[in-house]
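A short worksheet on the structure shown next.
The values are calculated or read from the model by the stated rules, or taken from the named source; none is laboratory data. Only a predicted model underlies this, so the values are computations on that prediction, with no experimental measurement involved. Neighbour counts run over all protein chains shown; Cβ positions are idealised from the backbone, glycine included. Side chains included, ligands, DNA and RNA excluded: accessible areas come from the protein's heavy atoms. Shrake-Rupley method; radii C 1.70, N 1.55, O 1.52, S 1.80 Å.
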Amino acid sequence: MEQVDVLVIGSGFGGSTAAALLAAEGSSVALVEAAAEWGGSAGKFQRKDFRFPVGATLGMGYERDGIHDKINRRLGIEIEKRPLHTVMNVAIADRVYPYYQNREQFLRMWDAKLPHAAPAIRSFYREVWHIAGLLRRHMVHFPVVPPATFQEAEALLKGFHPAVLRCIPLLQKPLGYVIQKHGLQHEEDFMHFLNGVLLDSMQTEADACSALLGCTALDIYHRGAWYIEGGLYRQIEALVQSCKSNGGTVKKGRRIVGIARSESGLWEAEDHKGGRWQAANVVLNTTAEDAASLLPAEDRAKLSGRLRRKAVAQFQWGAFTMYLALKDTLTEKTPLFHQFLVNPDKQAEAGNHFFVSISAAADSHRAPAGYRTVTVSTHINPDDWKDKTAYDQYAAAIKKAVLAKLETVFPGFTDEAVHMFTAGPLAWQHYTRRTGGKVGGFPQTPDNALYRAISHRSGITGLWLCGDNIFPGAGSIGASSSGVHCARSITGRQPV
Ligand SMILES: Cc1cc2nc3c(=O)[nH]c(=O)nc-3n(C[C@H](O)[C@H](O)[C@H](O)COP(=O)(O)OP(=O)(O)OC[C@H]3O[C@@H](n4cnc5c(N)ncnc54)[C@H](O)[C@@H]3O)c2cc1C
């Protein structure tokens with residue numbers, strides 16, 4: 001039996017961040033990952049000479065004092081990355097809206113595309129970016145709400161400015177409220193644009209998205225968006241390596257099958273190969289639902305009420321993903337990220353709305369010279385995919401719809417493919433151990449967001465949670481923040 005201070009189960013953004021920071025703070029750490037690759041939803045897989053990021057591809061939080069910048073500086077990690085001046089092209093039917101990182105260039109794009117709505121769009125973004133700026137003053141200190149310790153209260157109060165009180169009336173409001181205030185709710189392409197961006201980042205559209213988190217999401221690309229050479233898995237691998245360099249034990253291909261408290265009060269965990277660990281603290285980088293399933297029934301009942309409720313009752317999206325390796329016929333100027341809404345009159349999911357990420361021409365981490373790899377992802381409702389016939393039909397229909405659209409934008413695209421793989425919710429469940437293949441985190445509605453999110457405190461001493469199901473939720477930035485919260489609570493020190 002291996003004895004450590006902290007056992008971290010899962011190497012997604014949350015777990016690898018917690019493990020690396022804990023090891024750097026001097027804790028003895030074991031990081032155990034079920035899959036053959038690190039990173040979960042932000043991992044990779046390899047086929048012959050090609051590497052495919054499985055899910056997350058677009059890097060954020062690398063600007064000065066952004067979360068990854070802070071963590072990487074603390075750990076001495078250098079990540080090869082390039083800033084994206086055009087974050088992505090958003091195509092609504094055949095109309096293309098470039099998402100510029102530069103705020104003024106972005107506003108000028110709207111002036112030109114929707115001149116009749118330009119003053120309202122400008123005043124909307126002025127308000128959104130102002131609110132996001134107020135929140136950012138807090139976020140850089142990694143606040144948790146509600147705070148449970150003096151240290152957390154201090155983190156919440158740092159960065160306080162009286163102007164932030166202006167945000168309080170928005171706490172329970174959806175972003176749709178702010179949009180209506182500026183009279184933009186009937187501006188169809190603008191709404192499709194916002195909804196697409198929010199669906200990818202907040203897992204819900206404007207009418208349901210928390211106003212405060214929505215403002216943050218609509219600000220974040222303007223703080224900076226990055227292409228990470230190879231993919232975001234390299235960030236994860238750097239965190240794992242940092243954990244190891246600071247004395248941590250890191251093991252892949254070990255699935256923890258159960259954890260329980262021993263009579264000594266320490267946690268004991270066993271993996272599927274019979275390996276055993278004992279630790280004073282366990283950090284679970286799983287979904288809320290899967291966290292509960294690792295515990296004995298008597299401990300499940302002691303988990304916080306919110307965790308128990310949300311673990312079973314909350315909807316989460318699934319993903320259908322496609323991975324292609326192609327002969328490179330694209331120009332240097334082709335943006336690396338695209339979002340497509342094929343038919344604006346239909347639901348923005350299941351092949352009608354999808355995100356495309358293309359490797360840079362010279363990115364040898366992903367493809368040999370003369371080739372590129374492409375990852376395509378679309379939201380699906382995992383409940384629709386439970387029966388085998390429906391599963392196969394949905395998969396075939398999405399693949400056809402995506403390829404048909406890509407063929408119109410990049411003629412010859414399909415003919416140039418040397419590899420093409422797909423993954424539905426069963427594959428996602430298998431490779432990330434997320435039951436039902438539910439990925440991305442809870443939709444960030446006012447009922448799930450901020451002080452209504454699940455805390456990194458499980459309700460049981462020495463058992464902690466991190467990942468995109470946990471406050472502050474959704475996406476790699478939210479997952480990493482919860483990893484920081486775990487490291488801070490366990491060590492009692494501010495690790496970044
Ligand atoms: C298709 C797709 C595209 C996305 N694109 C982006 C993007 O471009 N940018 C962005 O910032 N975010 C993106 N996201 C969101 C982001 O990838 C995730 O929110 C984030 O990576 C989740 O991290 P996590 O900490 O919750 O861990 P997860 O990714 O869920 O990883 C958890 C890990 O724990 C392991 N594990 C679970 N149970 C056990 C066990 N019992 N024993 C051992 N190990 C276990 C799993 O194998 C897994 O590796 C995307 C997500 C998806 C699905």
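Cα centroid separation, region 3-28 to region 148-209: 31 Å. P(r) for region 289-357, from all Cα pairs and a bin width of 5 Å, is 3, 11, 15, 13, 10, 10, 10, 10, 9, 6, 3, 1 %, short bins first. Taking 30 Å as the straight-line reach from the Cα of LYS400, the lysines in range (excluding those fewer than 8 positions away in the same chain) are LYS44, LYS48, LYS327, LYS333, LYS346, LYS386, LYS388, LYS438.
Report, in degrees rounded to the nearest 10, the 0 to 90 angle that the Cα long axis of helix 388-409 makes with the longest principal axis of the chain. Computed tilt is about 50 degrees. The trypsin sites (Lys or Arg not before Pro) of region 1-70 that DSSP puts in a loop, and whose beta carbon has at most 16 other beta carbons within 10 Å, are LYS48, ARG64. Principal axis extents of the Cα atoms in region 319-387, from largest to smallest and rounded to whole angstrom, are 40, 27, 14. Between region 299-373 and region 450-476, the C-alpha centres lie 23 angstrom from each other.
Applying both filters, DSSP loop and at most 13 other Cβ atoms within 10 Å, to the GluC sites (Glu not before Pro) of region 208-266 gives GLU263.
Students often check this: by mean Cβ neighbours within 10 Å, which of 199-206, 451-458, 79-86 ranks highest, and how do the rest follow?
Details: 199-206: 24.2, 451-458: 21.6, 79-86: 15.4.
Taking the mean over residues of other Cβ atoms within 10 Å, the ranking is 199-206, 451-458, 79-86.
Please compute the per residue accessible area over the chain with all protein chains in place, 1.4 Å probe, rounded to a whole number of Å². Before the final figure, lay out each step's value.
Numbers: 19750 Å² over 496 residues.
That works out to 40 Å² per residue.
Give a quick list of trypsin sites (Lys or Arg not before Pro) in region 364-406 that DSSP marks as loop, anything other than H, G, I, E or B, with at most 14 other Cβ atoms within 10 Å. Don't jump to the answer; show the numbers that get you there.
Details: sites: ARG366, ARG372, LYS386, LYS388, LYS399, LYS400, LYS405; in loops: ARG366, LYS386.
Hits after loop and neighbour filter: LYS386.
Treating each Cα of region 315-435 as an identical point scatterer and summing with the Debye formula, the log10 of I(q)/I(0) at q = 0.10, 0.12, 0.19 Å⁻¹ comes to -0.32, -0.46, -1.05.
At a 1.4 Å probe, what is the % contribution of carbon and sulfur to the accessible area of the chain?
Numbers: 10290 of 19750 Å².
Ligands and nucleic acids excluded, carbon and sulfur reach 52 percent.
Taking the inverse of the average 1/r across all pairs of different Cα atoms in the chain, what Kirkwood radius in Å do you get? Numbers along the way, then the final one.
On the way: mean 1/r = 0.0436 Å⁻¹.
23.0 Å is the Kirkwood radius here.
Think of each Lys and Arg Cβ as +1 and each Asp and Glu Cβ as -1; about the Cα centre, that makes the dipole of the chain roughly 640 debye.
Once you list every other residue whose beta carbon is under 12 Å from the beta carbon of CYS215, what net charge do they have if Lys and Arg are +1 and Asp and Glu are -1? Intermediate values should be presented prior to the final figure.
Details: positive: ARG126, ARG136, ARG166, LYS173; negative: GLU127, ASP219.
After counting each charged neighbour, the total is +2.
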